[in-house]
Amino acid sequence: MDRCRRRLSPAMASPTVSRLICFNKPYGVLSQFTPEGRWRGLKDFIDIPGVYVAGRLDADSEGLLLLTNDGKLQARISDPRHKMEKTYWVQVEGEPDEAALQTLRDGVQLNDGPTLPARAQLIAAPAALWERDPPVRFRQSIPTRWLELVIREGRNRQVRRMTAAVGYPTLRLIRAAIGPYALDGLAPGTLRDVPLL
């Protein structure tokens, strides 16, 4: 037993400090470290060993991605049973009316069942919004509007399917916050450590 103790280095003997990282994921980047096909991986931006993604974000979506080295925290953030709210800024084609917004608030019928009620409101284009690379393709004859949509689920491509179901296809999708953690001016492709709340 003493022999085993003497072999432990100080780093091995001390517990790992839990770490939580906010990353502003650019368009065209997967929520995994390994690239795939035409999509880049997180390894192009993050060189921190031992951290893992807590919740996914599609390659064609942008915004907040959380990473941690704490398995319990990762499960708490990503598990839908904990119903951690996720706030999205959604640029849609067309100008949603109050009926469409109310349908989003009440819950939308999708092919895999109804969604939980959401918070939905029209907003101005987010302040300090960065240019997307490549830019969104617009149709000159059709206006666009921004929505803020807050959901507590995490189904595959859920926000895009919700806006399409009420007649307003998503052109650009940015996750602005997960629970108490937000982008707060974080530039695309950059990260910061945040305190655990």
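The values are calculated or read from the model by the stated rules, or taken from the named source; none is laboratory data. For clarity, every value in this text was computed on a predicted model and none was experimentally measured. Reconstructed Cβ throughout: ideal geometry from the backbone, glycine too, with neighbour counts over all protein chains shown. With ligands, DNA and RNA removed, areas are computed over all heavy atoms of the protein, side chains included. Shrake-Rupley method; radii C 1.70, N 1.55, O 1.52, S 1.80 Å.
Quick notes on this one:
- Whole-number percent relative contact order across the chain, with pairs defined as alpha carbons under 8 Å at least 6 apart: 30 percent
- Computed over protein heavy atoms with a 1.4 Å probe, the accessible surface of segment 86-178 works out to 52 Å² per residue.
- On full extension, the segment bounded by Gln32 and Leu73 gains 13.0 nm, given 0.36 nm per residue less the C-alpha separation.
- Extension gain, Asp97 back to Glu131 (0.36 nm per residue minus Cα-Cα distance, nm): 9.6 nm
- Under 19 Å from the Glu148 label point (7 Å along Cα→beta-carbon), backbone N, segment 63-94: 63-65, 84-92
- Each residue, Asp47 and Arg157, gets one label point 7 Å from its Cα in the Cβ direction; the gap between the two is 3.5 nm.
- Cut-off 16 Å, label 7 Å out along Cα→Cβ of His82, residues of segment 178-196 by amide N: 178-182, 194-196
- Per-residue accessible area (protein heavy atoms, 1.4 Å probe) orders Phe138, Phe23, Phe33 as Phe138, Phe33, Phe23, starting from the largest.
- Per-residue ellipticity at 222 nm computed for the chain from its helices equals -4500 deg cm²/dmol, with DSSP H segments shorter than 4 residues left out and the rest contributing -39,500 (n - 2.57).
- Spatial offset of segment 78-138 relative to segment 173-191 amounts to 16 Å, using the alpha carbon center of each.
- 16 Å tail of the calculated P(r), segment 26-84, as % of Cα pairs: 45 percent
- Residue of Pro49, Pro126, Pro96 that the Gaussian network model of the chain assigns the largest fluctuation, springs spanning Cα pairs under 10 Å: Pro49
- In the calculated pair-distance distribution of segment 86-178, the portion above 21 angstrom amounts to 26 percent of the Cα-Cα pairs.
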